[in-house]
1. What share of the DSSP beta bridges in the chain is antiparallel, in percent to the nearest 5?
2. In a shell of Cβ-Cβ distance under 11 Å around residue 9, excluding residue 9 itself, what net charge do Lys and Arg (+1) and Asp and Glu (-1) give?
3. Would you order 190, 14, 177, 23 from fewest to most other beta-carbon atoms within 10 Å of each residue's own beta-carbon?
4. With Cβ to Cβ distances under 13 Å as the rule, what net charge do the other residues near residue 81 carry (K, R +1; D, E -1)?
5. Please order 66, 100 by the number of other Cβ within 10 Å, starting at the fewest.
6. What is the fewest-to-most order of 136, 60 by other Cβ atoms lying within 10 Å of their Cβ?
7. Is the range 84-186 rounded, prolate or oblate when judged by the Cα gyration tensor, a ≥ b ≥ c being the square roots of its eigenvalues, rounded requiring a/c under 1.5 and prolate requiring a/b larger than b/c?
8. Considering every Cα-Cα pair within the range 23-86, what fraction, in whole percent, is farther apart than 16 Å?
Amino acid sequence: MSHAFPLFEWGLNYSIATRAHQYCFLHSAVLEKNGRALVLPAMPGSGKSTLCAALMLRGWRLFSDEFGILQPQSGELLPLPRVIPLKNESIEVIREFSSEAVMGPLFPKTRKGDVVHVAPTTESVERQHEGAKPAWILFPRFLSRSETKLQPIPRSQAFVRLSNNSFNYRLLGETSYRALTAMVRKCDCYSFQYSDLDEAIQVMDQLAG
């Protein structure tokens, strides 16, 4: 099968990240619940997309799997709900996790492996004009057969890790420094290790109250 759609998605991501510099761009999933936003910055292979898809399928509103779009002046995160790309083992994990997942065709053997896209929920699309203020910054890491661990981290550490997961931090300079500093000061910050999605979602729901 043609890889045209995955290539289009990657090209679109590149175009957004390199052109819309009125915003601070974080390499992060973002979801919302009860009017507050959860930010999941992570490097590839961390389980970010899998966790993001699972949270969306359990009632969290998807902002984005790829971009944390931070408006520097207001401190608000803006939605950009698009399909969530799942790769390799994550495809079957989500397929078995929820029968409600709307999944597209399999694109095998791309440069990132096998890829399937999960559609955003109807609520996520219908409310895409509604931003939210960040409340939690959580750095996820999937570790097979590990216990679920949510551990508070210092805000100084969260700032460094967050800035390292920004597409345009250096380009925006002082603007991004001030915006991320304000964001971190208003959020609870954690590292999060998981292997079981149901347990992970239970922890996230407890955070959201």
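Throughout, read-outs are computed from the coordinates displayed, never taken from laboratory work. In this text, all values refer to a predicted model and were calculated from it rather than measured experimentally. Here Cβ is always computed from backbone atoms with ideal geometry, including for glycine, and neighbour counts include all displayed protein chains.
1. About 70 percent, rounded to the nearest 5.
2. Working: positive: 82, 112; negative: 65, 66.
Result for the local shell: 0.
3. Values: 190 18, 14 11, 177 14, 23 22.
Least to most surrounded, the residues fall as 14, 177, 190, 23.
4. On the way: positive: 61, 82, 127; negative: 32, 65, 66, 123, 126, 130.
Residues close to residue 81 contribute a combined charge of -3.
5. Numbers: 66 25, 100 9.
By the 10 Å Cβ count, ascending, the order reads 100, 66.
6. On the way: 136 18, 60 24.
Ordered by Cβ neighbours within 10 Å, fewest first: 136, 60.
7. Working: a/c = 1.86, a/b = 1.61, b/c = 1.15.
Prolate, since a/c reaches 1.5 and a/b exceeds b/c.
8. Working: 765 of 2016 pairs.
Of all Cα-Cα distances in the range 23-86, 38 percent exceed 16 Å.
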